[in-house]
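Asks: Dumping the structure here so I can ask a few things about it.
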Amino acid sequence: MAEAPHIPVLLGPLLRAVQPVTGTWVDGTFGAGGYARGLLDQGADRVIGIDRDPAVFRMAEAWAGAYGDRLHLVQGTFSDLDRLAGGPVDGVVLDLGVSSMQLDQPERGFSFLRDGPLDMRMGGEGPTAADLLNSAPEQVIADVLYLYGEERASRRIARAIVAARPLSRTGQLSDIVAGCLPRPKPGQSHPATRSFQAIRIWVNDEFGQLVAGLAAAERALRPGGKLAVVSFHSLEDRIVKRFMQARSNSAGGGSRYAPEAARQEPAFTLPFRRAISADETELAVNPRARSALLRVGIRTAAPGRPGRSGGPGPAAAVRKGGLMRSVLYLLTALSVMGLAFWAYRENYRTQAAISEMSDMQRQIGRLREDLGVLRAEWAYLNRPERLRQLVDLNFERLKLVPFGSDQFVDVGQVAFPAPRTPEPAPGFDADVPIERPAGFPPRRPQESTP
């Protein structure tokens, strides 16, 4: 048999995770055929290879015949794999990465390092990247770069793309993006990496195809069948992770703000709690595996959930994301305006309170000064020598008498007036005893005074 054109990522861990390999399997992203060959060599009875790019089937003619009827190749998208498979299958494999063969062909328009036509279509159908970039509004392009590429400078790049229209070459787009970003430091990726990734996802509706493909795999797998998905960046892995968590009922529960949704019978079980990544041995042989993550699910007997094939279209998710983003911007702006008004009002009240407090402090200071003056005057007026002078001046007029020793006596010698005894009321006889009402305690006898 001829050697495979390239080294498939995480092939060994994938084959170990899905053992035993038996029955019919679907390789939904056939590409160079690395996973299909591995599955056939491990004992799969039949592998159905699906790919939207007709060029991969021409490349596989050199070795596919050695497997005879065990390998069946079909042109299409993996979002239709349940229909293309023709019946229940025992396993589905999806490799979400871009084939290195496509990156190495400048005429495909995927590479920012090799100049070529700005195409980026996987299957040669639908609008090209140049068509979309030359016709889409600036806001849509910015949303694509931000949502699909997580590019922080999305608005600046979108503005430069619109200003440079029409675009037709990958080198032209690469230079525009690089001109909007700082020069990369040694070891950093090319400045256009995120933008080219976002535009490729946009052109091929990769996220819509992924969501539909996962649902199609759920419908196609028979109980006990295995689903293995290899992703290469966080956005793809996030979709796969949430799908498997939702279908296995392993997602987090509700909260006071988001009540828990009604749970359905789980369609998958997850044999591994975390995604599988490449080990050091594979990284030494295949550096492309450094960002790859493998997630595996095993189908249960629960009925598959209905869903449509195909994705929502290249710009449907972007329009929805752009609308949500605009609403978020509006709510943020209103919140900032409200906070600014509240801060201005509180600042005005604070300044008024500070001014009032300063006035009160000044008034208190003045009153303390007046009190100090009054105390000083009172101390001056009550000086002993001044009081003596006043006595000398007013002695005769006030008929004052000098102190004498006879003016000081014992308290017992002072003749106090006798206390006044109240007169008895008319008709009151002091000799007649007073009868006490029933229930009152008897009067205590008076003690005789010695």
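The values are calculated or read from the model by the stated rules, or taken from the named source; none is laboratory data. For clarity, every value in this text was computed on a predicted model and none was experimentally measured. Virtual Cβ from ideal backbone geometry, glycine too; neighbours counted across all protein chains shown.
Asks: Report yes if Ala160 is outside any loop (DSSP other than H, G, I, E, B), of a type in the set (Gly, Ala, Ser) and closer than 26 Å to Asp53 by Cβ, otherwise no.
Replies: So Ala160 does not fit the description; no.
Asks: Among the residues of region 393-406, which ones are in a helix (DSSP H, G or I) and surrounded by 10 or more Cβ atoms within 10 Å (Cβ to Cβ)?
Replies: If the condition is that a residue be in a helix (DSSP H, G or I) and surrounded by 10 or more Cβ atoms within 10 Å (Cβ to Cβ), then Leu393 is the only one that fits.
Asks: For region 97-131, enumerate the residues that are in a loop (DSSP other than H, G, I, E, B), among the acidic types (Asp, Glu) and over 17 Å from Glu206 (Cα atoms).
Replies: Asp104, Asp115, listed by residue number.
Asks: Restricted to region 1-10, and to residues that are buried (at least 17 other Cβ atoms within 10 Å of the Cβ) and closer than 25 Å to Ser79 by Cα, which residue is modelled with the lowest pLDDT?
Replies: Per the stated criteria, the residue is Pro8.
Asks: Check Gly123 against each of (1) in contact with an Asp or Glu (Cβ under 7 Å, 6 or more places away or on another chain); (2) surrounded by 22 or more Cβ atoms within 10 Å (Cβ to Cβ); (3) at pLDDT below 90 and name the one condition it does not meet.
Replies: (2)
Each row is one residue, and each column tells you yes or no for (1) surrounded by 17 or more Cβ atoms within 10 Å (Cβ to Cβ); (2) assigned to a strand (DSSP E or B); (3) touching a Gly at 6+ places or on another chain (Cβ under 9 Å); (4) not β-branched (Val, Ile, Thr).
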site: Gly12; (1), (2), (3), (4): no, no, yes, yes
site: Ala36; (1), (2), (3), (4): yes, no, yes, yes
site: Arg58; (1), (2), (3), (4): no, no, no, yes
site: Glu61; (1), (2), (3), (4): no, no, no, yes
site: Leu73; (1), (2), (3), (4): yes, yes, yes, yes
site: Ser79; (1), (2), (3), (4): yes, no, yes, yes
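Here is a yes/no grid of residues against (1) surrounded by 19 or more Cβ atoms within 10 Å (Cβ to Cβ); (2) without any contact (Cβ under 8 Å) to a residue 60 or more places away in the chain:
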| site | (1), (2) |
| --- | --- |
| Asp131 | no, yes |
| Ala142 | yes, yes |
| Ala160 | no, yes |
| Ser168 | no, yes |
| Pro186 | no, yes |
| Val203 | yes, no |
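Quick grid of which residues meet (1) aliphatic (A, V, I, L, M); (2) over 18 Å from Glu236 (Cα atoms):
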| residue | (1), (2) |
| --- | --- |
| Thr77 | no, no |
| Leu84 | yes, yes |
| Asp95 | no, no |
| Ser99 | no, no |
| Gly116 | no, yes |
| Gly124 | no, yes |
| Val144 | yes, no |
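Asks: For residues in region 240-253 being surrounded by fewer than 20 Cβ atoms within 10 Å (Cβ to Cβ) and touching a strand residue (DSSP E or B) at 6+ places or on another chain (Cβ under 8 Å), which is nearest to Ser291 (Cα to Cα)?
Replies: Lys241
Here's the yes/no breakdown for (1) modelled with pLDDT under 90; (2) part of a helix (DSSP H, G or I):
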| position | (1), (2) |
| --- | --- |
| Met244 | no, yes |
| Tyr257 | yes, no |
| Arg263 | yes, no |
| Arg288 | yes, yes |
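Asks: Among the residues in region 103-115, are any among the aromatic types (Phe, Trp, Tyr), outside the structural domain of Arg194 (by TED's automatic domain parsing) and closer than 30 Å to Leu227 by Cβ?
Replies: Yes - at least one qualifying residue is present in region 103-115.
Asks: Further, regarding this structure: So which of Asp51, Asp69, Asp27 ends up being among the charged types (D, E, K, R), more than 22 Å from Arg299 (Cβ to Cβ) and buried (at least 24 other Cβ atoms within 10 Å of the Cβ)?
Replies: Asp51
Asks: Quick one: Ala136 ticks every box in (1) crowded, with 17+ Cβ neighbours inside 10 Å; (2) among the hydrophobic types (A, V, I, L, M, F, W, C); (3) within 21 Å of Pro191 (Cα to Cα) except a single one, so which number is it?
Replies: Of (1) crowded, with 17+ Cβ neighbours inside 10 Å; (2) among the hydrophobic types (A, V, I, L, M, F, W, C); (3) within 21 Å of Pro191 (Cα to Cα), only one is false for Ala136: (3).
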